[in-house]
Amino acid sequence: MKTSRRQFLTAASFAASYALLPRFVLGQVKKPTRVILLGTKGGPRLGEAGRSNPSTLIMINDVPYLVDCGYGTSKQLITAGVALNRLRYIFITHHHSDHNLDFGPLLYNAWITGQPVQVDAYGPPGLDQMARDFFHYLKFDIDTRIADEGRTDPHKLIASHDVVKPGVVLTNDDVKVSACLVRHPPIKDAYAYRFDAKDRSVVVSGDTAYAPELVEFARDADVLVHEVMYLPGIEALIGRLPNAKRLREHLLASHTLPEDVGKIAAQARVKTLVLSHFVPGDDASITDEQWSAGVRKHFNGRVVVGRDLMEV
Ligand SMILES: [Zn+2]
Ligand SMILES: [Zn+2]
């Protein structure tokens, strides 16, 4: 009797869950917004301390929105469980190579899956030409595969959208994405992006010196992913170089110290602050406590010291 009763209950609960199924199929039940750090090391040099070059993945209703794509992003996406034929949206904050070196390879790697979806790319002017230049670099391979394997022109895969001023850059059923001009001299076209999904708001600072304008832009965000630079680590790194003074000045003018990251997060009243784009990102001797101590002087909320493939 017991068994048949259990069978009955199982059948009943199966029927109940089956009744829910069409809602999932129709997409009426939204998947929660996820933030996954793909690469957390600032700068283009390849790291030895376990951090990949910068990239942040935001999954909104199971659709990937990729912010920046430093070297290795294709591989990191796969490791994070996102097949490359699902590549859909790319946002480039600025045209330093640690933020765009994998742009061409990502498009190529999506194309070569044979089942790519359309990719919309947003960023400072230059993306369309970069894609063309990259496909030209691989002209022999691509022409061969089109003729030999019946593939299509990879350039048809990408639609690029120049971001030339702050404001809303994309709106769809799931999210509104807006851009804010930040401070990253000598580059003028450097942006932060904000993603307002139904369940969560996420801001990615891009590379910037202390930028008080981020306070308003990141106002009440659930998650702020902000770059950070640790000065003692820089001093140790560049101290003996002949151009140490110039380098130090350059870094201070274009990146943000922990104390200032804390000020931005506190004034914006964000719920969670995620430190990423660590400079220097190769020095494994710098502890999480050292990265976050300056931040905590100003910000009492949740601080996450980012690591590759961490989900927030
Ligand atoms: Zn950078
Ligand atoms: Zn930069």
Find the strands (runs of 3 or more DSSP E) located wholly in region 199-312 whose residues include 1 or more that are of a type in the set (A, V, I, L, M) and free of Cβ contacts under 8 Å to residues at least 60 places away in the same chain, and list them. 223-229, 272-279, 302-305
Condition met for residue 203 (of a type outside the set (Lys, Arg), at pLDDT 95 or above and either farther than 29 Å from residue 29 by Cα or within 16 Å of ligand 2 (Cβ to nearest atom) (or both)): no
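Within region 159-192, can you find the residues that are within 16 Å of ligand 2 (Cβ to nearest atom) and open to solvent by less than 20 Å² (accessible area, probe 1.4 Å)?
163, 179, 180, 182, 184, 190, 191, 192
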Check whether at least one residue in region 14-33 is under 21 Å from the mean Cα position of the chain (by Cα), within 19 Å of residue 277 (Cα to Cα), at pLDDT 95 or above and not small (Gly, Ala, Ser), and report yes or no. no
Among the listed residues 220, 207, which satisfies the condition of being open to solvent by 60 Å² or more (accessible area, probe 1.4 Å), touching a strand residue (DSSP E or B) at 6+ places or on another chain (Cβ under 8 Å) and not hydrophobic (A, V, I, L, M, F, W, C)? 220
Can you tell me which condition residue 149 does not meet? The list is (1) under 27 Å from residue 306 (Cβ atoms); (2) open to solvent by 60 Å² or more (accessible area, probe 1.4 Å), and all the others hold. (1)
If you take the residues in region 131-146 that are aliphatic (A, V, I, L, M) and within 29 Å of the chain's Cα centre (by Cα), which one is most open to solvent (accessible area, probe 1.4 Å)? 138
Considering every residue within region 45-64, establish whether at least one is modelled with pLDDT under 80, β-branched (Val, Ile, Thr), more than 16 Å from ligand 1 (Cβ to nearest atom) and open to solvent by 30 Å² or more (accessible area, probe 1.4 Å). no
Members of region 91-121 found to be surrounded by 20 or more Cβ atoms within 10 Å (Cβ to Cβ), of a type in the set (A, V, I, L, M) and within 16 Å of ligand 1 (Cβ to nearest atom), listed by number: 92
Scanning region 85-135 residue by residue, the ones that are under 14 Å from residue 190 (Cβ atoms) and assigned to a loop (DSSP other than H, G, I, E, B) total 8
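The values are calculated or read from the model by the stated rules, or taken from the named source; none is laboratory data. These figures come from a predicted structure and were not determined experimentally. Please note: Cβ atoms are built from the backbone with ideal geometry, for glycine as well, and neighbour counts cover all protein chains shown. These area figures cover heavy atoms from the full protein model, side chains too; ligands, DNA and RNA do not enter into them. Shrake-Rupley method; radii C 1.70, N 1.55, O 1.52, S 1.80 Å.
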